[in-house]
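These notes are about the structure you will find just below.
The values are calculated or read from the model by the stated rules, or taken from the named source; none is laboratory data. Owing to the predicted nature of the structure, the values given are computational and were not obtained by experimental measurement. Using ideal geometry, Cβ is built from the backbone for each residue, glycine included, and neighbour counts are taken over all protein chains shown.
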Amino acid sequence: MDTLLIRGGRPLHGVVPVSGAKNASLPILIATVVAPGEHRLQNVPDLVDTSSMLSLLGRIGCPSLVGDTTRVDTSRVAFCEAPYDLVRKMRASVLALGPLLARCGEAHVSLPGGCAIGVRPIDQHLKGLEALGCRFDLEGGYVHGRVDKLRGAEFRFDLVTVTGTENVLMAAVLAEGTTVLENAAAEPEVEDLAKFLSGCGARIEGAGTSRIVVHGVSSLRPSPQAHRILPDRIEAGTYLVAGVITRGNVRCEGASASDLAPVLEVLRNAGAEIDHGEGWVSAGASGRVRPFDITTAPHPGFPTDMQAQVMSLASLALGTSSITETIFENRFMHVAELMRLGARVHIDGRTATVTGQPCLSGATVMATDLRASASLVLAGLAAEGTTEILRLYHLDRGYERLVEKLSAVGASVMRGQEGRPNLAVA
């Protein structure tokens, strides 16, 4: 099994190209099902999760061709099932529910897997789809859904859910009449999904706000223009923190300052040097940062997907920081591993108090989920000595060409093999 070896203590300087957003690519890939024909998508990142979604599309009879432009042919849907062997690897597979119900009138989707960062139930998905006329049975670890005719409705989510909003939105575009979604997720990835669907002929208003209005249409078709996936704000945020935590400066090409606003605000408050222009953002520092307090929240609040990364930064701050997690109840699993590197963290319920230390020390640590693995990479880049990160497959789910990108800005990093003598890290 692959591991990541990092020799820390090197300031990072240079440019990192930002890949397409994982969390936009996954719903858009499965959304191709609602518009029969050949779709062209650009800037789809080469990740384990996107490969899993393309495998799911292939399993239901929709072949794809991956290249600079990813082509997906949804002219025919042969099966309406997302089986356990695929869904267990990636929670986003539950997004097949809405498109399959809209296209086929039925869907059989295994209950989702993915990162073990909390319960993350799909009740909001089911309630929203039920409002449109769908019926569900849960049996044998599968959600079995059927609908005779999708009909527009007014539905208010009990809590903000990104994938829940996306699932209901993908079904609503083909519902008869108008659907109004209240307390909807406003994340840029939801807005990008709506942009893709609109290019296929959907009529959507309010995407990017908490109130989305969908005027259903009888059919959709692939856009004549290739849809370009928006840049990954979480990947960009991770590399910006890398520039700050190593006391260097990293410029993310393709990043959007507006999409990164809550992250940039925290970095500015911590004393980092921030600059940005059209299509790029940079961040750096010349010394230890000031402590800071954050509370994760739905967009436009501080993203939960950046919580672990800024905790690594807080572990080296000049003072005590407070980090409160409100989205997922089990998203502090990286804390024990950060403490192996020398971080001082105390957890009380959903709040972590982080007392900054002058330095961290390299050690062997284990990734527990995707963003936890990113936090360990950041800590390892700043730590003295060599850090080895196990369970690297988590990282491969969300960061494209990580070793290549980090090496290009001066990091000493390489992949190794668990259980084998480690090669020297240059």
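Determine which single condition LEU360 fails, assuming it passes every other condition in (1) touching a helix residue (DSSP H, G or I) at 6+ places or on another chain (Cβ under 6 Å); (2) surrounded by fewer than 19 Cβ atoms within 10 Å (Cβ to Cβ); (3) not hydroxyl-bearing (Ser, Thr, Tyr).
(2)
A quick yes/no check of all residues on (1) within 16 Å of the chain's Cα centre (by Cα); (2) closer than 25 Å to THR386 by Cβ; (3) not hydroxyl-bearing (Ser, Thr, Tyr):
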| site | (1), (2), (3) |
| --- | --- |
| PRO291 | no, no, yes |
| MET306 | yes, no, yes |
| GLN309 | yes, yes, yes |
| LEU313 | no, yes, yes |
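If VAL15 meets every condition in (1) over 25 Å from LEU230 (Cα atoms); (2) in contact with a Phe, Trp or Tyr (Cβ under 9 Å, 6 or more places away or on another chain) apart from one, which number is that one?
(1)
Of the numbered conditions (1) assigned to a helix (DSSP H, G or I); (2) out of contact with any helix residue (DSSP H, G or I) (no Cβ under 8 Å at 6 or more places or on another chain), ALA242 satisfies every one except a single condition; which is it?
Only one criterion in (1) assigned to a helix (DSSP H, G or I); (2) out of contact with any helix residue (DSSP H, G or I) (no Cβ under 8 Å at 6 or more places or on another chain) is unmet by ALA242, namely (2).
Please specify each residue of segment 50-67 satisfying the condition of being crowded, with 23+ Cβ neighbours inside 10 Å and under 21 Å from LEU395 (Cβ atoms).
Those that are crowded, with 23+ Cβ neighbours inside 10 Å and under 21 Å from LEU395 (Cβ atoms): THR50, MET53.
Give just the number: which of (1) modelled with pLDDT of 95 or more; (2) within 23 Å of the chain's Cα centre (by Cα); (3) among the hydrophobic types (A, V, I, L, M, F, W, C); (4) closer than 16 Å to GLU235 by Cβ does VAL365 not satisfy?
Answer for VAL365: the failing condition is (4).
Looking only at segment 69-117, which residues are modelled with pLDDT of 95 or more, of a type in the set (Lys, Arg) and surrounded by fewer than 19 Cβ atoms within 10 Å (Cβ to Cβ)?
ARG71, ARG76, listed by residue number.
Could you check segment 10-74 for strands (runs of 3 or more DSSP E) lying wholly inside it with 3 or more residues that are aromatic (Phe, Trp, Tyr) and touching a residue at least 60 places away in the same chain (Cβ under 8 Å)? Give the derivation first.
Numbers: elements: 13-17, 38-42, 69-73.
Output list is empty.
I need the full set of residues from segment 303-336 which are under 21 Å from TYR239 (Cα atoms), surrounded by fewer than 24 Cβ atoms within 10 Å (Cβ to Cβ) and either out of contact with any Gly (no Cβ under 9 Å at 6 or more places or on another chain) or not assigned by TED's automatic domain parsing to the domain that holds LEU260 (or both), in order please.
The answer is THR304, PHE332, VAL335.
Residue-wise test of (1) assigned to a helix (DSSP H, G or I); (2) within 19 Å of LEU193 (Cα to Cα); (3) of a type in the set (A, V, I, L, M).
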| position | (1), (2), (3) |
| --- | --- |
| GLN124 | yes, yes, no |
| LYS127 | yes, no, no |
| GLY133 | no, no, no |
| ASP148 | no, no, no |
| THR165 | yes, yes, no |
| VAL168 | yes, yes, yes |
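For segment 284-302, does any single residue satisfy the condition of being of a type in the set (S, T, N, Q), out of contact with any strand residue (DSSP E or B) (no Cβ under 6 Å at 6 or more places or on another chain), surrounded by fewer than 15 Cβ atoms within 10 Å (Cβ to Cβ) and modelled with pLDDT of 95 or more?
Here is the first cut: in segment 284-302, the ones of a type in the set (S, T, N, Q) are 286, 295-296.
Retained after the next criterion (residues that are out of contact with any strand residue (DSSP E or B) (no Cβ under 6 Å at 6 or more places or on another chain)): 286.
Restricting the remaining residues to those that are surrounded by fewer than 15 Cβ atoms within 10 Å (Cβ to Cβ) gives 286.
This time we only want the ones that are modelled with pLDDT of 95 or more, so: 286.
The answer is yes; a qualifying residue exists.
Going by the conditions given, is ARG247 part of a loop (DSSP other than H, G, I, E, B) and assigned by TED's automatic domain parsing to the domain that holds PRO11?
yes
Output yes when any residue across segment 290-302 is part of a strand (DSSP E or B), farther than 19 Å from ALA236 by Cβ and of a type outside the set (A, V, I, L, M), and no when none is.
yes
Looking at segment 265-273, can you tell me whether even one residue there is closer than 28 Å to ALA35 by Cβ and assigned to a loop (DSSP other than H, G, I, E, B)?
Within segment 265-273, the subset closer than 28 Å to ALA35 by Cβ is none.
There is no residue in segment 265-273 that is closer than 28 Å to ALA35 by Cβ and assigned to a loop (DSSP other than H, G, I, E, B).
Here's the yes/no breakdown for (1) at pLDDT below 95; (2) more than 21 Å from GLY133 (Cα to Cα); (3) of a type in the set (D, E, K, R):
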position: VAL143; (1), (2), (3): yes, no, no
position: GLY152; (1), (2), (3): no, no, no
position: PHE157; (1), (2), (3): no, no, no
position: THR165; (1), (2), (3): no, no, no
position: VAL168; (1), (2), (3): no, no, no
position: LEU181; (1), (2), (3): no, no, no
position: ALA186; (1), (2), (3): no, yes, no
position: GLY208; (1), (2), (3): no, yes, no
position: HIS215; (1), (2), (3): no, no, no
